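Please read the structure below before turning to the comments.
The values are calculated or read from the model by the stated rules, or taken from the named source; none is laboratory data. The structure displayed is predicted, hence computed values, not measured ones. Reconstructed Cβ throughout: ideal geometry from the backbone, glycine too, with neighbour counts over all protein chains shown. Please note that ligands, DNA and RNA were not included when accessible areas were found on the heavy atoms of the full protein model with its side chains. Shrake-Rupley method; radii C 1.70, N 1.55, O 1.52, S 1.80 Å.
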Amino acid sequence: MTVTDKEYETAFGQPLRRKEDAHLITGQTRWVDNLSAPGMLYAAYLRSPMAHAKIRVNTEAAKSYPGVVAVYSAEDFGAAQAVIPDAWTVHPDMKKPVMTPLATDEVRYAGEPIAVVVAETRYQATDALEAIEVDYDPLPAVIDLEAAIGDDSPLVHSSIGTNTCFYIESPGEAYAAAKAQAEADGGVVITRRFLQQRLLPTPMEPRAVLVVPTIDDLTVYASTQIPHVLRLLLAMLTGHPEHKLRVVAPDVGGGFGGKINCLAEEIIGVHLAKRLGRPVKWTETRSENFLQMHHGRAQIQDIELAATREGKLLGLKVDLIADLGAGLRLFTAGVPMFGAAMFNAIYKMDAYQFNCRTVFTTMTPTDAYRGAGRPEATFAIERMMDELAAELGMDPIEVRKKNWIEHHEFPYTTISGSIYDSGNYEAATERAVELFGYDELKAEQKARRERGDRMQLGIGVSTFTEACGLAPSRVMGQLGVGAGGWERAEIRVTLTGKIQVVSGSTPHGQGHWTAWSQLVSDKLGVPFEDVELLAGDTATGPQGMDTYGSRSLVVGGSAIVKACDKVIEKAKRIAAHTLEANPDDLEFAAGVFTVKGSPGPQMAFVEVAAAAQLAHNIPDGMEPSLNSAYTFDPINLSYPHGTHLCCVEIDTETGFTSIYRYACVDDVGTVVNPMIVEGQIHGGLVQGIAQALFEEAVYDEAGNLITGTLVDYLLPSAADVPSFLTDRTETPSTDNPIGAKGVGEAGCIASTPAVVNAIVDALRPYGVNDVRMPCTPERVWRAIQGGQSQSGSVAKGGAQ
Amino acid sequence: MIPAGFDYVRVNSAADAVAALQTSEDAKILGGGQSLIPILRLRLATPELIVDVSGVAEMNGIREDGDAIVIGAGTTHHDVTTSDLVRTHAPLLAQATATVADPQVRHRGTFGGAIAHADPAGDLPGVALVHNATMTIAGPAGTREVAAADFFLDYLTTTLAEDEVLVSIRLPKLGAGWGTHYEKFTRVAQSWSIVAVAAAVRRENGSIAEARVALTNMAPTHLRAAAVESALTGAAASAEAIKAASQAAAEGTSPTSDLNAQADYRAELARVLTGRAVAKAAGLS
Amino acid sequence: MVSINVTVDGRSESHDVEPRLLLVHYLRDVVGKVGTPIGCDTSNCGACTVSFNGQSIKSCSMLAVQADGGDVLTIEGLAGTVETDLHPMQEAFRECHGLQCGYCTPGMIMAACDLLKENPNPSEAEIREGIEGNLCRCTGYHNIVRAVQTAAASMSGTGVSS
C-alpha cells in the first residue's frame, strides 16, 4: 500500500510517505564522516582524564609520530583561539567565566579538550595522542550541587569567586498568603524534592566536522542543528568574514538539542584548515560524545503546593538548583529559566513563586536537551498533582479538572504571564481515558491488590502543556537571548513550474522535505513531487534561525506559507494580464486562476510560471519572476498539550518495572502529516520513558563519568518498551497562519511524569510517595521495603 | 575508537596457537572477538600479538561423545543455540546462550571465549558449573583436562596459563528426569546480568532427588549455591519447599555493589531468582 | 600489513591492511562503502550491522583481517539503489515510517533481514528481541516493529528472501 498525494485532493493533512527516506534506506547518505575532500587530514583530540587540574602541556614528542602533520595546544593559538560562546544573558549580574576551545592552563571537566593532533589518517592521529605529555596538578572536583553553593566549597572558576552563576528570586508575598490560607482553612500544603538526573542526549550520529579551505573561502560541513547560527559564531570567533564562510549541515543523524552548540572541534577545525591549508576532518567517537556533547536536565527541584481541601490550587512555590556544569555554552544559563513559566502548566492558581540558583560544577556543561526546561517543570507539577490527588483521596484526573483552564476560557493569561492562545484539555482527556481503558485498568489494579498478586499495577496521569515555536524575537530579546526568533523561507519557481523551497529551518530527522512539500503543494496547487527543498546550506539559504524548540513548522512553515502568498499575488497579476481581467476578479484554487463567476478562460499556475520567466507579455514594470521570500516572526509562543496515561506493571519481589499500557492523546494544533506527527510522539515517548526508567549520567566523587559508554548508560532497545496507543485532538493555534503548535518535544515532556506517577501509584499501598529517577528495579524494590518515601519534608541529598 | 597496533598471526591448530603464544610476553587469543575487540578499541588492552584461532577446525563444532557432548571452544553462540544436540542434551545451555547479548554478537561470539573470559556477569560459566563440565586445554606440555569447578579462579581469571588455549568443553548430558531453567535479571535486554541463576533438578516420585544451582554475578566468579542444593535434595517438589530452600541462595556469596545493584539487593535477587529457576526446572511453573 | 580478499556487495576486493583495521573502517575508508555508519565504541548500538557470510554481525567488532575470504553484504548491496528496486524490508521501513534521522537504519534493516531469515513469521515480542542489538533514538521502535511485521507479511507472500 503506497500512499502518494495522487490519492488525495490535497497533500495537506495526509500521511504521505517521506521523500527523504529513499537515500536513507539504501545507504546513499551524506553524513559528515562520509564526506571527503582531496588532501584531507584527520584530527584527533586529547581530552582531560581528570575533572579539575592545573595543566602543563608538551606536544613535541607527538610531532614526530608517523603521519603527523601538526600538533597544537592552547598556547600555540594564544588569544586567537577564541572562546566557547554563550548566547543567553539571563541576568545582568550573572557570572560568565571564560572557557577556551582547548583548555588554557586548567581543565574543569573530564573530557575537556587539551590538544589536537592532525595526521594523514584517523588511525595515525589517534596513535599520536599517547605521545602528548600533560602534567596534571589536581584541583578538587566539585560534584555535589548543594555543597558547591557553600562558602567553603572549592571553586570551579577561581576568577569569579563563587560557584553560583546567578540567583533569581521572585516576590514571595502572594505565595505566602496562599499557603497561609490553605493552612487556615484546613487545606493542604505538600512539599516534595524531585531530582532531575543528568542525561546524555545521544543522537545516534555523534558530532563531526569537516572544514575545507579554498583560497579565501571556507566551507564547514558539520553535524549540527544550527548551520546559520554556527556560521555567525565561527565568523565572529575566528575573524573569518561571514560572507566567505559557508556552513553545510548535510545529512544529520539526530540532535535532540545536542547539536545546537559551537564547540572546540568546530572552532579549532576552522583554525586548522586555515593554518594548514588542507581540509581537516574530525569525527567524534561515542565515548567522546558522552564527555563533550552537553548534558541535559540536572536539577534539584524543591516544590511546595498549597490547595484547598476540595483540591483547588491556591499557590505554587518552586526553588530550583540547576547544575550548569563547568561553564556556559550557548543556552546553558537559559534552560532552567525556560521552564520558569511552565511550572504552573495548564492550571489556574492565585500565586506562583519561582526562585532559581544556577551552579557551576566540574562536570560537562549542560544545555538544551529535548524539551529544555519544560520537561523538568512538567515533571514537577504533574507529579505534584498526583500527590495532591493522593493526599485528598481524589481521582488524579478529577483533581486536574478542578484546576485546569477550561476550553471556553482561552485565550488565557497564566499566573506566570504566558498567554495560551487555545487548548481543549477536556477533549484530549476524555479521548485518552477512553483509549486507555482507564476504568478497566483501575478495576484490574484493584483486583490484583485485593488478591495480593506478585505483579501489581499502577496508573499515572500527565496532562501536560509546553511552550513551542521559538519564538517572538521581541520575547527572546526580553529574555536576554542573543538571537532573533524569526524564520526565513524563499519560494523559487522555475520556468517549468517546479518549486524549490529554500528554508532556514534545518532538518535532522524531522521530515522537512515531505512536510514542506505538502505545504507548498497545498498552497500553489502543484504536485507534491514537484517541490524540492534546499536546506542546511548557508550558500543556498543564507538566512535562517535553524531547528530547535519544536519551531520548524510553527515558525519556518509559517514563513513558507507567507512566501507562497506572495508568489500567488505575483502570479495573479500575470494571470490577470494574460486573461485581460482585473486581478481582483481572479480566483486561485487547485493551481488554476479563473475569473470569478465565469466558466470561461483560465490559466494554470504552471503556465503563469512560464509566462513570468519568458516575460514576453507581463504587466509593465513587473519583475519577470515569481520568486518570493518571507521572514516570519511569530507574535507568540505556541502551546501544544495532551493527556498521557501510563499503566506500569511491577514485580514486587524484584522491583522490575515494565510499561503495561500507554495511551496518549496529543493536541499539536493543525497537522500537516499525521504519520510524521505520530512518529515524533512515539520517539519522544521512549526518550521520556527512558528518563523515568533507564538513563542517568553518573559521576564518581573524583568527577569521572562512570556511565561513559553505552554499556553503562542504558538506552532502551525495542525489547524494553511497548507499542503505544496514540490519538489526537486538533485545536488550531490562533497565532500562526497554519494553526500548528509543534510536536518535536511533546512526547518527551509528557511521558516522564506519567511513568513515575504510575510507579508511585502502584506502590502507595506500601506507603511510598516518591521514587527517584531513573526508577531502577533496585530503587523500586527499596521503596517497597519502606526505605524511600518522603514525608512532606525535604530529603537530604543532592544530584550525586 | 581505534585499537593500538599489534602483530597478528592466524593459526590452524591448537598446537600452533600455543606455539604462537610462546613467541610473545603479551599475546591475546582472538576467537569471535566480541569481548576482546571492544576492549582493544577502548585501548583498555594493548597486546603486542593477537593469535587468531577462529579458523582452527579442531576448536569448532559440536559432537556427541557417549554420555557427553563436546563443544569446540570456537563454536559460536548461534551455533550452540541452534544445535539439536545441545537442545536435546543440554537445553540449559541452549536457553542461557540465547540470552547472551544480541543476535549479531551471538553470530560472532564463541562459547569458549565466554568461558575463558570468565566475566562474573557472563551467562555461560554458571551453565558449565551446573553441567559439571570439563575443559580441555592445550599447552606446551600437551593437553590437560580441568573440571569446571576448578577452572574459574577469580574475577576475569581462570586456570588457563598465558601460553594455553581452551580447546573444547565437555558437557555430560542431563538425561531423562532432569529439568533445567536459566533465570536472568537485567535492566535492559542487551545488558549483562545483574544476577542470574542456572538450575537443574532431577525429580523422583514427587520429590527432588538432586539439584544443581549456579549463581551468576554473586561473587568474583560464578559459584554453586551449595546450601540451596543440599536443602533441596530430598525435599518435596513443591513451591513452598523450593521457596524455603532458596532462602539460602546468598550464603557463601560475596556480591559486589555497583551502579545497578547494591550487595544486599543482589542477595535478595539471588534468593528470588533461585526460587523461580528451581521451580521452573522442577516443572512447577 | 596483511593481504586480504573480501567480497563486498558482490564485488571482489583485495587490499593490504593493518591487522588492527576494523572491518567497518575497511568498508568505509578503504572500499568506500560509507552507507554503513558507526554509532558507538562498545558494540551496543548496532548501526554498523552488515551481513557476513550470511549472518548479521557488528562490523565495528570484527577485524578486516578476519573477513579474509568472506562475503560481506552491506545496506548498499541489499538491493538496487533506485526506488523501484528496493528490498521488501527497505520498502516496509519507508511505508511504515520506520525511520526518522536514518542513522540507525542501515543496521536496523540488516538486522531485521537476518531476523526474518531465521524466523519468517515472528511475533511482536520476537521482533523486539530480534532487533535488541540495534538502538534507535528517534522512532521509539513502534514503527520499526510495524515495518518488520509488514516486511514479513510481504516476503512470506511473495517468497522473496534476503
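What the table below lists for this structure:
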{"quantity": "One residue from A:Thr506, A:Thr538 being buried (at least 23 other Cβ atoms within 10 Å of the Cβ), modelled with pLDDT under 95 and touching a helix residue (DSSP H, G or I) at 6+ places or on another chain (Cβ under 6 Å)", "calculated": "A:Thr506"}
{"quantity": "Every residue from the stretch A:728-743 that is in a loop (DSSP other than H, G, I, E, B), open to solvent by less than 20 Å² (accessible area, probe 1.4 Å) and within 30 Å of A:Thr366 (Cα to Cα)", "calculated": "A:Lys741, A:Gly742"}
{"quantity": "Identity of the residue in the stretch B:181-200, among the hydroxyl-bearing types (Ser, Thr, Tyr) and away from chain A (no Cβ under 11 Å), that ends up surrounded by the fewest Cβ atoms within 10 Å (Cβ to Cβ)", "calculated": "B:Ser193"}
{"quantity": "Of residues in the stretch B:31-62 being more than 11 Å from chain C (Cβ to nearest Cβ) and of a type in the set (Gly, Ala, Ser), the one nearest to the chain's Cα centre (by Cα)", "calculated": "B:Gly61"}
{"quantity": "Leading residue by the ranking (nearest to A:Val229 (Cα to Cα)) among those in the stretch A:283-312 that are open to solvent by less than 10 Å² (accessible area, probe 1.4 Å) and of a type in the set (A, V, I, L, M, F, W, C)", "calculated": "A:Met293"}
{"quantity": "Any hit, the stretch C:118-126, residues being at the interface with another protein chain (Cβ under 7 Å from one of its Cβ atoms) and of a type in the set (S, T, N, Q)", "calculated": "no"}
{"quantity": "Meets criteria (of a type outside the set (A, V, I, L, M) and within 17 Å of the chain's Cα centre (by Cα)) for C:Arg20", "calculated": "no"}
{"quantity": "Restricting the stretch B:84-106 to residues that are within 14 Å of another protein chain (Cβ to nearest Cβ) and small (Gly, Ala, Ser), the residue that is farthest from B:Glu183 (Cα to Cα)", "calculated": "B:Ala101"}
{"quantity": "Test: residue in the stretch A:468-485 that is open to solvent by less than 20 Å² (accessible area, probe 1.4 Å), modelled with pLDDT of 95 or more and in contact with a Gly (Cβ under 8 Å, 6 or more places away or on another chain)", "calculated": "no"}
{"quantity": "Output for the stretch B:134-146, where each listed residue is open to solvent by 20 Å² or more (accessible area, probe 1.4 Å) and closer than 20 Å to B:Gly55 by Cβ", "calculated": "B:Thr136, B:Thr143"}
{"quantity": "Among (1) surrounded by fewer than 23 Cβ atoms within 10 Å (Cβ to Cβ); (2) within 30 Å of A:Pro472 (Cα to Cα); (3) not polar (S, T, N, Q) - the single one A:Glu701 does not satisfy", "calculated": "(2)"}
{"quantity": "Flag if B:Val86 is part of a helix (DSSP H, G or I) and open to solvent by 10 Å² or more (accessible area, probe 1.4 Å)", "calculated": "no"}
{"quantity": "Counted residues, the stretch A:334-354 - those being in contact with an Asp or Glu (Cβ under 7 Å, 6 or more places away or on another chain) and either among the β-branched types (Val, Ile, Thr) or closer than 26 Å to A:Leu234 by Cα (or both)", "calculated": "1"}
{"quantity": "Residue among B:Ala149, B:Ala161 that is touching a strand residue (DSSP E or B) at 6+ places or on another chain (Cβ under 8 Å), under 19 Å from B:Lys28 (Cβ atoms) and surrounded by fewer than 23 Cβ atoms within 10 Å (Cβ to Cβ)", "calculated": "B:Ala161"}
{"quantity": "Single condition A:Leu330 does not satisfy, out of (1) farther than 25 Å from A:Leu534 by Cβ; (2) hydrophobic (A, V, I, L, M, F, W, C); (3) part of a loop (DSSP other than H, G, I, E, B); (4) open to solvent by 10 Å² or more (accessible area, probe 1.4 Å)", "calculated": "(4)"}
{"quantity": "Single residue of the stretch A:10-38 satisfying the filter (open to solvent by 40 Å² or more (accessible area, probe 1.4 Å) and among the hydroxyl-bearing types (Ser, Thr, Tyr)) that is nearest to the other protein chains (Cβ to nearest Cβ)", "calculated": "A:Ser36"}
{"quantity": "The listed residue being touching a residue at least 12 places away in the same chain (Cβ under 8 Å), more than 30 Å from A:Thr707 (Cα to Cα), part of a loop (DSSP other than H, G, I, E, B) and not basic (Lys, Arg), out of B:Glu229, B:Glu251", "calculated": "B:Glu251"}
{"quantity": "Failed condition for C:Cys48, given (1) touching a residue at least 60 places away in the same chain (Cβ under 8 Å); (2) more than 8 Å from chain A (Cβ to nearest Cβ); (3) of a type in the set (A, V, I, L, M, F, W, C)", "calculated": "(1)"}
{"quantity": "Unique residue being farther than 28 Å from C:Arg28 by Cα, touching a strand residue (DSSP E or B) at 6+ places or on another chain (Cβ under 8 Å) and crowded, with 24+ Cβ neighbours inside 10 Å when the list is A:Pro101, A:Pro97", "calculated": "A:Pro101"}
{"quantity": "Flag for C:Leu27 being under 27 Å from B:Thr81 (Cβ atoms) and at pLDDT 95 or above", "calculated": "no"}
{"quantity": "Qualifying residue in the stretch A:432-439 (condition: assigned to a helix (DSSP H, G or I) and open to solvent by 60 Å² or more (accessible area, probe 1.4 Å))", "calculated": "yes"}
{"quantity": "Hits in the stretch B:1-20 (condition: more than 14 Å from chain C (Cβ to nearest Cβ) and either assigned to a loop (DSSP other than H, G, I, E, B) or in contact with a Gly (Cβ under 8 Å, 6 or more places away or on another chain) (or both))", "calculated": "B:Ser13, B:Val18"}
{"quantity": "Members of the stretch A:182-226 that are buried (at least 24 other Cβ atoms within 10 Å of the Cβ) and at positive phi", "calculated": "A:Thr202"}
{"quantity": "Those strands (runs of 3 or more DSSP E) lying entirely in the stretch C:23-99 with at least 2 residues surrounded by fewer than 23 Cβ atoms within 10 Å (Cβ to Cβ)", "calculated": "C:71-73"}
{"quantity": "Single residue of A:Gly257, A:Gly277 found to be more than 15 Å from the chain's Cα centre (by Cα), on the phi > 0 side of the Ramachandran plot and modelled with pLDDT of 95 or more", "calculated": "A:Gly277"}
{"quantity": "First in the stretch C:91-105 and more than 7 Å from chain A (Cβ to nearest Cβ), second anywhere and part of a loop (DSSP other than H, G, I, E, B), Cβ under 8 Å, 6 or more apart", "calculated": "C:Ala92/C:Gly98; C:Gly98/C:Thr139"}
{"quantity": "Residue that is over 30 Å from A:Phe12 (Cα atoms), among the charged types (D, E, K, R) and facing another protein chain (nearest Cβ under 8 Å), where the choices are A:Asp720, A:Asp770, A:Asp700", "calculated": "A:Asp720"}
{"quantity": "Whichever residue in the stretch A:709-727 is open to solvent by less than 20 Å² (accessible area, probe 1.4 Å) and not aliphatic (A, V, I, L, M) and, among such residues, is nearest to A:Val156 (Cα to Cα)", "calculated": "A:Tyr713"}
{"quantity": "Enumeration of residues in the stretch A:121-168 that are of a type in the set (A, V, I, L, M, F, W, C) and over 18 Å from A:Lys54 (Cα atoms)", "calculated": "A:Ala125, A:Ala128, A:Leu129, A:Ala131, A:Leu145, A:Ala147, A:Ala148, A:Ile149, A:Cys165, A:Phe166, A:Ile168"}
